[in-house]
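Visitor: My structure is below; once you've seen it, I'll send some questions.
The values are calculated or read from the model by the stated rules, or taken from the named source; none is laboratory data. Not measured: the values here are computed from a predicted model. When we count neighbours, we look across all protein chains shown, and the Cβ atoms used for this are built from the backbone with ideal geometry, even at glycine. The protein model used for the area step is the full one, side chains on, heavy atoms only, and it has no ligands, DNA or RNA in it. Shrake-Rupley method; radii C 1.70, N 1.55, O 1.52, S 1.80 Å.
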Amino acid sequence: MDYIISNRMKDVSGSMIRELFKLAKDPAMIKFGGGNPSEEAFPVKEIAEISERAFKEQAVGMLQYGLSEGYTPLRDTLKKRLSEEGIDFEKNDILIVSGAQQAADLSSKVLLNEGDGVIAEDPSFVGCLNTFRAYGAKLYGIPLKEDGMDLEVLEKTLEENRNIRLMYIIPSFQNPTGFTTTLEKRRAILDLAKKYDIIIFEDNPYGELRFKGEDVKTIKSMDEDSRVIYAGSFSKVMAPAFRVGFMVLPKPLMQKMTVAKQTTDVHTTVLFQHICNEYMTSYDYASHIKRVRELYKHKAELMVSSMEKYFHPDVKFSYPDGGLFVMAFLPEGMDSQVFVKKGIDNLVACVPQVAFAVDQSKTYSGFRMNYSSESDENIVKGVRILGQMTYDALKK
């Protein structure tokens, strides 16, 4: 039969990154394309211990339906942690979600009507961009500089487009660029959100992965009039397979967001919520985070130093202070999609900037590289191969 695809989905393309995962099944492929945390970062022994205890002592509780709002001990632990970072739980509440991606879905479902505008850094995380597209939102991309969004373009866009309801931002170790928005720009962005009366969706999956420099206050911690939704995740610090994330919400939104979750998956897996809570409260979670940061610091410095050594000097790239990504930029006018395809032919997988673009009809010069999941040997080998390709591409 002929299937009629809904308007909300017919123009949403699949993630290019997920397609690259299929190519990466070749065991010879060097995988700079995904966003996987390192397998060395998984606390496997501790997860096994917690799981065994849970099934011995409270199996029914782990296997039965849970609260839509989330596992109460985990919510309490997170509230305590986040309060120490300046988030006010007199005004806010916390909802456990099935990965931070679901936070974007629930926010779209509750807050956006078809045709409403969403501001996003350009480039930005394709998963959330596609979520906004799926709900019929109109995306407005704001050029991203090394210190955050272009504030002049941001205010002009807000002034000229009064349909904008939401601003999506990844201020720390941004995906795909690795850039971090400065404190000054975070304050300015919050001020503009107040001026034009819009909601900010602050996505912070990499915030605990700072390995250089000083922490920068979250936008949510500066939110005095309840206009910031904050999303965090255990995917990058525990295990992505858990699909455990959380939303910090202004209290007036909590009931509707909870109902929206009930229409999607009822509740997040209780066992994995329990594991996250037990690991934070009964083990040395701070040492785990310190170890993961040191691991990624080493890998990031190895990748960047290799890029300095092997890449053509006309290729520019970011120097991340945390997170999982470096973004490289060929000279303006060059199409990184062509470059990435040649890289795959040479068994090195990256992701072209167009995959993260608000307007995917244009040509972009950037490509994202992930340093967290490959071995040291493959980081050097893969960068050397890409480096030779940059010299080949830039021959006069």
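Visitor: Tell me, which longest segment in the chain has none of the chymotrypsin sites (Phe, Trp or Tyr not before Pro) that fall in DSSP loops with at most 11 further Cβ atoms within 10 Å?
Guide: That gives 66-396 as the longest site-free run.
Visitor: Given the -39500 (n - 2.57) contribution per DSSP H run of 4+ residues, what per-residue ellipticity at 222 nm results for the chain, rounded to the nearest 500 deg cm²/dmol?
Guide: Counting only the DSSP helices, I get -13500 deg cm²/dmol.
Visitor: Straight-line reach from residue 185: which lysines have a Cα under 21 Å away, not including same-chain ones fewer than 8 places off?
Guide: Reachable lysines: 145, 156, 194, 195, 212, 217, 220.
Visitor: Of 91/261; 45/297; 138/395, which ones are farther than 29 Å apart at the Cα?
Guide: Long pairs (Cα-Cα over 29 Å): 138/395.
Visitor: Dividing the alpha-carbon radius of gyration of the stretch 49-96 by 2.2 N^0.38 Å (N being the number of residues), what value is obtained?
Guide: 1.43
Visitor: If the chain between residue 376 and residue 113 were fully stretched, how many nm would it gain, using 0.36 nm times the residue separation less the Cα-Cα distance?
Guide: Contour length minus the Cα-Cα distance gives 90.0 nm.
Visitor: Sticking with this one: Taking the alpha-carbon set of the stretch 83-237, what are its Rg and Dmax in Å?
Guide: 14.4, 41
Visitor: In addition: Which length gain, in nm to one decimal place, applies between residue 38 and residue 345 when the Cα-Cα distance is subtracted from 0.36 nm times their residue separation?
Guide: Gain in length upon complete extension: 108.1 nm.
Visitor: Here is a further query. With the Cα gyration tensor of the stretch 309-396 in hand, convert its eigenvalues to equivalent ellipsoid semi-axes via √(5λ) and list them largest first in whole Å.
Guide: Semi-axes from the Cα gyration tensor: 19, 16, 13 Å.
Visitor: Okay, next question. Top to bottom by accessible area (1.4 Å), largest first, where do 95, 394 land?
Guide: The ranking, largest first, comes out as 394, 95.
Visitor: Residue 184 to residue 57: FRET efficiency via 1/(1 + (r/R0)^6), r the Cβ-Cβ distance, R0 51 Å, to the nearest 0.05?
Guide: Computed FRET efficiency for residue 184 and residue 57: 0.55.
Visitor: Based on the Cβ-Cβ distance from residue 312 to residue 147, what FRET efficiency comes out when R0 is 25 Å, to the nearest 0.05?
Guide: 0.50
Visitor: Here is a further query. Per 10 Å bin, what percent of the C-alpha pairs of the stretch 67-152 does each bin hold, from zero upward?
Guide: Distribution as computed: 15, 33, 34, 17, 0 percent.
Visitor: Efficiency by 1/(1 + (r/R0)^6): what FRET value for residue 301 and residue 338, r their Cβ-Cβ distance, R0 = 25 Å, to the nearest 0.05?
Guide: 0.30
Visitor: Can you pull the accessible area of residue 270 for me, 1.4 Å probe, Å² to the nearest 10?
Guide: Probe radius 1.4 Å; accessible area of residue 270 about 10 Å².
Visitor: Assuming a strict under-23 Å limit between Cα atoms, what lysine pair count do you get for the stretch 298-382 once near-sequence pairs (fewer than 8 apart, same chain) are dropped?
Guide: Value for the stretch 298-382: 14.
Visitor: Give the relative contact order (percent, whole number) for the chain; include only Cα pairs under 8 Å separated by 6+ residues.
Guide: After rounding, I find 24 percent.
Visitor: Additional query: Over the stretch 294-358, one equal point on each Cα, no solvent: what is log10 I(q)/I(0) by the Debye formula at q = 0.12, 0.15 Å⁻¹?
Guide: -0.34, -0.53
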